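Visitor: Sharing a structure with you now.
The numbers here are math on the coordinates, done by the rules we state, and not lab data. Quantities reported herein were computed from a predicted structural model and do not represent experimental measurements. Please note: Cβ atoms are built from the backbone with ideal geometry, for glycine as well, and neighbour counts cover all protein chains shown.
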Amino acid sequence: MYVREAKNREEVWLLDHIEAMGLDETAFRSRDYVIALDEETGEKAGFGRIRIHKVEDGDDVCELTSIGVVEDWRGNGVGAHVVERLVEHARDEGFSFVYSLVDEPAYLAQFGFERIAEDELPAVLRDRLESKRDDIAPEAVAMVLSVSEFVMPDRFRQRFKGATVEADDEPEESAEDFGIDPENTSYKYDTGR
């Protein structure tokens, strides 16, 4: 498994999964996303976005948003590595803090994120929080992380190293599954040999 920046050709895949998971697609730009992939199969396992809000009269604000993991890949540390890559990207862009507006704060708390009061949020994120609550996540809360305090629990590293998708254990279909008696049925091109 590895995480890399999204490519333009993955835009449709991203939008499909964002919609299916009920995530935020506001001001969508595929170049803002990272994607987790299986090295062997190239199968996409998860994604997330860094959104930089330009502020005219102050410092720009960095938000992590639209973090999702494909259902078959959950429990493999994929989301953790997506978050890690996004935080690294924020650090490389010069941000000391990243924010996230989420309805499952316990997940991000594992990495050092802390809840922040709405009145302490930058104004642009107060507005985003309100619209997010109205549109897709009524229980959303604001969280903040000092980039230098990001923590990746070892259990996520280990899961990610050996991440796999469970194989379907569906039995092979037989003629009987379709109501065909294989001993007494003749087939159009059966030569009788």
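Visitor: Each residue of region 27-41 in turn: what ³J(HN,Hα) in whole Hz from Karplus with 6.51, -1.76, 1.60 and θ = phi - 60°, glycine and Pro shown as x?
Guide: Residue by residue, region 27-41 yields 6, 4, 9, 4, 5, 7, 9, 10, 10, 8, 10, 7, 4, 7, 9 Hz.
Visitor: OK, next. Among 76-87, 21-32, 136-147, 43-54, how do they line up by average Cβ neighbours within 10 Å per residue, starting with the highest? Walk me through the intermediate numbers first.
Guide: On the way: 76-87: 24.3, 21-32: 14.8, 136-147: 17.2, 43-54: 20.4.
Going by the mean number of other Cβ atoms within 10 Å, highest first, we get 76-87, 43-54, 136-147, 21-32.
Visitor: Another one. Starting from the alpha-carbon convex hull of region 2-163, give the projected area averaged over all orientations, in nm².
Guide: Seen from a random direction, the Cα hull of region 2-163 projects 9.3 nm² on average.
Visitor: On to the next question. In whole Hz, with x marking every Gly and Pro, tabulate ³J(HN,Hα) for region 135-152 from phi via Karplus 6.51 cos²θ - 1.76 cosθ + 1.60, θ = phi - 60°.
Guide: Here the 3J(HN,Hα) series is 9, 10, 9, x, 9, 4, 10, 8, 9, 9, 9, 6, 3, 5, 9, 4, 10, 10 Hz.
Visitor: Would you grab the residues whose amide H sits under 5 Å from the one on G46? Only those 5+ places off in sequence or on another chain, please, with H modelled 1.01 Å from N.
Guide: Amide H to amide H, under 5 Å and 5 or more residues apart or across chains, G46 pairs with A36, V70.
Visitor: Name the long-range amide H neighbours of D24: under 5 Å, sequence gap of 5 or more, or other chain; modelled H, no Pro or chain starts.
Guide: Long-range HN contacts for D24: S66.
Visitor: Under 14 Å from a label point 7 Å along Cα→Cβ of R155: give me every residue in region 66-84 with its amide N that close.
Guide: 75-78, 80
Visitor: Mind listing the phi-derived Karplus ³J(HN,Hα) values for region 121-133, rounded to whole Hz, using 6.51, -1.76 and 1.60 with θ = phi - 60°, and x for any glycine or proline?
Guide: Listing the rounded values in order: 6, x, 3, 4, 7, 4, 5, 4, 4, 4, 5, 5, 5 Hz.
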